[in-house]
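The structure appears below as structure tokens.
What follows is calculated from the coordinates using simple rules that are stated; it is not laboratory data. All values reported here derive from a predicted model rather than from experimental measurement. Positions of Cβ are backbone-derived with ideal geometry, glycine not excepted, and every protein chain shown enters the neighbour counts.
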Amino acid sequence: MARIPDEVIERLKQEVSLERLAEARGVKLKRHGADLLGLCPFHDDHEPSLVISPKKNLWHCLGACNKGGDVIAWVMHAEGISFRHAVELLRQDHIPLAGHTGEPPKHSTVRRLPAPIDRDADDRALLLQVVSYYNETLKQSPDALKYLEARGLKSSEMMERFRLGFANRTLGYRLPASTRQAGAELRGRLQRLGLYRESGHEHFNGSLVIPIFDLNGDVMQMYGRKVTEGLRPGTPMHLYLPGPHRGVWNEEALIASKEIILCEALIDALTFWCAGYRHVTTSYGVNGFTAEIKAAFQKHGTQKVYIAYDRDQAGETAAQQHAEELMVLGIECFRVQFPKSMDANEYALKMHPAPKALGVMLNSAAWLGKGKRPAAPVIQAVVAPESPVEPPKIGSQEPATKETTAAKEKMNEPVLSLAAEAAEPATAEEAPPCASLPPTLATTVDVPTEIKGEEIVKIGRASCRERV
Ligand SMILES: [Zn+2]
């Protein structure tokens, strides 16, 4: 999480008047030489033992509690909150500044930040509220945005479509204090949902958060990927909410297309999506091809699966296993053959332009069935018009409605142009992976493979690069 700059802290210490903070809390102050004296609000004070030095803007209790410090320490004690939260409140709320004139306010000026979490929300709504809060936080978190950019995933369309978010511990600042009943209650519920740990820490702190929705727009799971560098060795980089890996990410794509790219990780799936291949879903890690995903393939009549797992031993083994399971169901399987040891994201980052390079990989994918490789239609990146697929009604408090049904129907419109005829040779110029896709992105048919008998032999990366 970004550090609070020292100058911000210094400015608050100077500009926020301690005298006004104390008055706002109902402390009556009397001048005593250069100092102000009053009853200390932090212990049961009968003799005025609170001393405030307006000149230094510091306070100290000479009585039983013996507390003291600057304005931040005051807010921490007064509100029962952390240093960071106190700074956050002082920064974002309208604390009267030292030079401010006028009537001192009658009530506490330390207003709480608006709570993004509604106490009365049910669990379903609560999860959606957290997703929204993380989504807003991401947009204001340069570190997290930088991480996405470094992974070639700088797309506001993607961030909105999949409600990507960032957890930076500020969620807790927006809840009522844990010492209050409402705060304790909410924390308890968030803990039960797995968003808070028993220690009171935010589960996904420091992580890019990718929610997994069902077709009604309900949150089934959440995945977190740490973006902070220099973490303690052994810190898990990949997190989920406790419990099973529920949900099928981008299930709309299964409705829209009979052929699906199956990735090993969400970041890889987003890579394909950003490159214009929107008929993509993902397992939750190399061992995370769930029965639910498989059932969804069956339910939606998936005919072809392009397995785009990492090109390492674990990826190969899993791809082979899933292919066997799927082929039994009559689903044809192809293995996308990235260069050895590479994953989809790594490959897309190395190749320019990535959409075209990924297309080459898809079109040269090896058939995992027996016998001769069937002729598969050329896979093209979906043209990226304005929002081809309506996202589910996320944030809606309604259960499945006519609207969602309509959205599903809309998704049934062909959004993929699976041109069987040879595509025009691409003329796409160097383009950032996600930025602006050309209106029609023709994927080359000039695949960098040689077919020797039934074997598909990949040509080395160097020639790959040449050709794309
Ligand atoms: Zn005291």
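What to note about this one:
- Contact order for region 6-91, expressed relative to its length and based on alpha carbon pairs under 8 Å spaced 6+ residues apart, stands at 24 percent.
- Under-5 Å amide H pairs with residue 343, H placed in peptide plane, nonlocal only: 311
- Estimated FRET transfer efficiency (residue 169, residue 46; beta-carbon r; R0 41 Å; 0.05): 0.55
- Around the Cα centre of region 218-343, unit charges on the Cβ atoms of Lys, Arg, Asp and Glu (plus for the first two, minus for the last two) sum to a dipole of about 140 debye.
- Environment charge of residue 197, counting only residues whose C-beta is closer than 13 Å and scoring Lys/Arg +1, Asp/Glu -1: +1
- When the pairs 258/304; 13/56; 258/340 are compared against a 18 Å limit on Cα-Cα distance, 258/340 fall above it.
- For residue 196, the residues 5 or more places off, or on other chains, whose built amide H falls under 5 Å of its own are 191, 203.
- Annotation: amide H of residue 261 within the under-5 Å range of 280, 281, 306, sequence separation 5 or more or interchain, hydrogens built in the peptide plane.
- Over all other residues within a Cβ to Cβ distance under 10 Å of residue 368, the charged ones net out to +1, with Lys and Arg as +1 and Asp and Glu as -1.
- In order along region 29-44, the Karplus-derived 3J(HN,Hα) couplings, from 6.51 cos²θ - 1.76 cosθ + 1.60 at θ = phi - 60°, round to 10, 10, 6, 9, x, 7, 9, 10, 10, x, 6, 6, x, 9, 8, 6 Hz, and Gly and Pro are given as x.
- In terms of overall dimensions, region 109-227 has a Cα radius of gyration and Dmax of 14.3, 44 angstrom.
- Estimated translational D of region 6-91 in µm²/s (Stokes, Kirkwood radius over Cα pairs; 25 °C; 0.890 mPa s): 190 µm²/s
- Cut-off 15 Å between beta-carbons: net charge of the residues surrounding residue 10, Lys and Arg +1, Asp and Glu -1: +1
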